[in-house]
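Asker: Below you will find the structure I want to go over with you.
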Amino acid sequence: MMMSNRSTGRILPALLVLLGLSACGPIEPWVKPYERDKLADPIMALDTDAVSTSYMQHVYEAREGARGGEGAAGGGCGCN
Amino acid sequence: MINLRRLSFLALLLVLASDALAGVLPEDRSDVLYHLYDGGGVEIDGPSILVRKKAGKSLSFVGNYYVDMISSASIDVITTASPYTEERTQWSLGMDYLRGNTTMRINYVSSTESDYDASTISFSVSQDMFGDLTTLTLGYALGDDLVGRSDDPTFEANLDKQTYSIGLTQILTKNMISTVNFETITDEGFLNNPYRSVRYVDASSAVGYSFEPELYPNTRTSNALGIRARYFLPYRAAIEGEYRYFKDTWDIKGHTAALTYIHPWRDFTFTGKLRFHDQTGAHFYRDIFPGSEATNFRGRDKELSPLQSTTFQLKASYEFLSDDGNSWGFLKKGKVTASVSMLSIDYDDFSDLTAGAPLGQEPLYSLDADIFQVFFSFWY
């Protein structure tokens, strides 16, 4: 019974949040297409030069213990 | 368990791919790059050529050819072996298919060395949502490596690698874009370096220690969470901050942070980047073991030692052909870029045995390297 009350206590707020979100209707883009001139500037591109980025990722992967989570993949080993 | 997880992940990729609504394919572009790494007794250089071309409105193909020419007299090599030269060749082929707001990608990478062959096939699906403010990407990659030994033609070992990734790119404001990526990588097979050795205390040796082959666990799973945000400054320049948290089943925890500043001036773009990485060591890593075969697993690869690395990168690009209608034949735009990175690594638990100091008094090793890149980029 205690478990049931606890579960209800967790589920109810989640349902209320979902109901609240659905009442808002579809999500409207808050940055309109005509407001994206600065984002379209080449200096705002997250990966300008893929060939260079993947090379540097490979350099780090071969020399550090960490890997991944950077959004683009390297390849091979080349670390002997 | 892994198969069930793989199946459910592939099912999720297919569900996302079927929910198509208009995305954009990557630009037609080619890059010709020369890279040089010089530091710690190691020199690696070679070319990388990348070609990308659309075919119709919904397909884009990409190919890459990359070479590492290695000349190594690193601290690992001169401590227990002889300097060597080696060449690694890598090529990849990929295809992007755009359907509505969904982009599906497939890529195959093959890498060959005299003693190491690796091949990876990867799939990913990206979906643009909420008026193109949000892009969600799911990816899966399967790698199959074959490890050999140049001094033992009979030695052959396998390594399988699986990568699961999820990424979200989000336009936050009129001036700011951010991305979050989570990646899980699992390895199963021969994970140690067949040439490297560990050091252990040996009273019968004149120097007080001897070496024996390292022995790693056969499995490793890592999780990495990376966050980046780029902001357009009040004048025409941009600043980017990034952070990554890393953790694996070998007890390595890592924090990586970087700050980048991008400043265009006339036809030039200047970029400065400062990157810092800090990690703890693997649980089976020791600079010196108390005796021979003292632990179940043992390693002395300096990459698994606790360490801090710092990189300062300066990059300059010059656009010698602008996209203003005055094209050279079929070329629309051309750019040349030069970059220099100064990498410095301080190891907290890896002794420099070349110093010849008595056991227990060896200085810690540190590495300084310069990394150069020059590349031409063409759009058509």
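Quick note: the coordinates plus some simple rules give every number you see, no bench work behind them. In this text the structure is predicted, and so the values were computed from the model without any measurement. Quick reminder, even Gly has a Cβ in these numbers, built from the backbone with ideal geometry, and neighbours come from all protein chains shown.
Asker: How large is the helix-only mean residue ellipticity at 222 nm for the protein assembly as shown, computed as the sum of -39500 (n - 2.57) over DSSP H runs with n ≥ 4, divided by its residue count, in deg cm²/dmol to the nearest 500?
Answerer: So the calculated ellipticity at 222 nm is -4000 deg cm²/dmol.
Asker: Quick one: Cα centre-to-centre distance for the range B:121-172 and the range B:26-99, in angstrom?
Answerer: Value for the Cα centre distance between the two parts: 17 Å.
Asker: What are the residues whose amide H is under 5 Å from the amide H of A:GLU70, where those residues sit 5 or more places off or on another chain and H is modelled from the backbone?
Answerer: none
Asker: Where a Cα-Cα gap under 27 Å defines reach, which lysines qualify for B:LYS302, not counting those fewer than 8 residues away within the same chain?
Answerer: Qualifying lysines at Cα under 27 Å: B:LYS161, B:LYS247, B:LYS253, B:LYS273.
Asker: Using the Karplus curve 6.51 cos²θ - 1.76 cosθ + 1.60 with θ = phi - 60°, what ³J(HN,Hα) values do you get for each residue of the range B:181-190, in whole Hz, with x for Gly and Pro?
Answerer: Residue by residue, the range B:181-190 yields 10, 10, 9, 10, 10, 10, 10, 9, x, 7 Hz.
Asker: Another one. Considering every residue in B:349-355, what mean count of other chain Cβ atoms within 10 Å of its Cβ is obtained?
Answerer: Values: counts 0, 0, 0, 0, 0, 0, 0.
Going residue by residue through B:349-355 and averaging, the value is 0.
Asker: Counting other beta carbons within 10 Å of each Cβ, put A:LYS32, B:LYS302, B:LYS332 in order, fewest first. Walk me through the intermediate numbers first.
Answerer: Values: A:LYS32 11, B:LYS302 24, B:LYS332 19.
Lowest to highest Cβ neighbour count: A:LYS32, B:LYS332, B:LYS302.
Asker: Tell me whether the range B:123-280 comes out rounded, prolate or oblate; compute the Cα gyration tensor, take square roots of the eigenvalues as a ≥ b ≥ c, and use a/c under 1.5 as the rounded threshold. Walk me through the intermediate numbers first.
Answerer: Working: a/c = 2.86, a/b = 1.88, b/c = 1.52.
Verdict is prolate for the range B:123-280.
Asker: Using modelled amide H (1.01 Å from N, peptide plane; none on Pro or chain starts), what sits under 5 Å from the amide H of B:GLY46, excluding residues fewer than 5 places away?
Answerer: Placed amide hydrogens put B:HIS35, B:MET69 under 5 Å from B:GLY46.
Asker: Applying 1/(1 + (r/R0)^6) with R0 = 35 Å to the Cβ-Cβ distance of B:SER82 and B:PHE376, what FRET efficiency is obtained, to the nearest 0.05?
Answerer: On the way: r = 38 Å, r/R0 = 1.07.
In this case the efficiency is close to 0.40.
Asker: Now for a separate question. For the range B:198-208, just list the computed ³J(HN,Hα) in residue order, Karplus coefficients 6.51, -1.76 and 1.60, θ = phi - 60°, integers in Hz, with x standing in for Gly and Pro.
Answerer: 9, 10, 9, 5, 9, 5, 7, 8, 4, 8, x
Asker: If you don't mind, another one. Just subtract the alpha-carbon distance of B:SER71 and B:ASP144 from 0.36 nm times their residue separation and send over the number in nm, one decimal.
Answerer: Details: separation 73, 0.36 × 73 = 26.28 nm, distance 2.60 nm.
Stretched fully, the B:SER71-B:ASP144 segment lengthens by 23.7 nm.
Asker: Output wanted: per-residue J couplings in Hz (rounded whole) for the range B:150-165, from phi through Karplus 6.51 cos²θ - 1.76 cosθ + 1.60, θ = phi - 60°, x for Gly and Pro.
Answerer: Ordered by residue, 3J(HN,Hα) equals 5, 9, 8, x, 7, 6, 8, 9, 9, 9, 9, 10, 10, 10, 10, 9 Hz.
Asker: When a footprinting reagent is the concern and you count Cβ atoms within 10 Å, what order do A:GLU35, B:GLU303, B:GLU319 take, fewest first?
Answerer: Working: A:GLU35 14, B:GLU303 23, B:GLU319 18.
With the sparsest Cβ surroundings first, the list reads A:GLU35, B:GLU319, B:GLU303.
Asker: Can I ask one more? Mind checking which lysines have their Cα closer than 17 Å to the Cα of B:LYS335? Skip sequence neighbours fewer than 8 apart in that chain.
Answerer: B:LYS315
Asker: So, R0 is 22 Å and r is the distance between the beta-carbons of A:ALA40 and B:TYR97; what FRET efficiency does that work out to, to 0.05?
Answerer: Using R0 = 22 Å, I get an efficiency of 0.35.
Asker: One quarter of the convex hull surface, Cα atoms only: what value does that give for chain B in nm²? Don't jump to the answer; show the numbers that get you there.
Answerer: Working: hull surface 87.1 nm².
With the hull built on Cα positions only, its mean projection is 21.8 nm².
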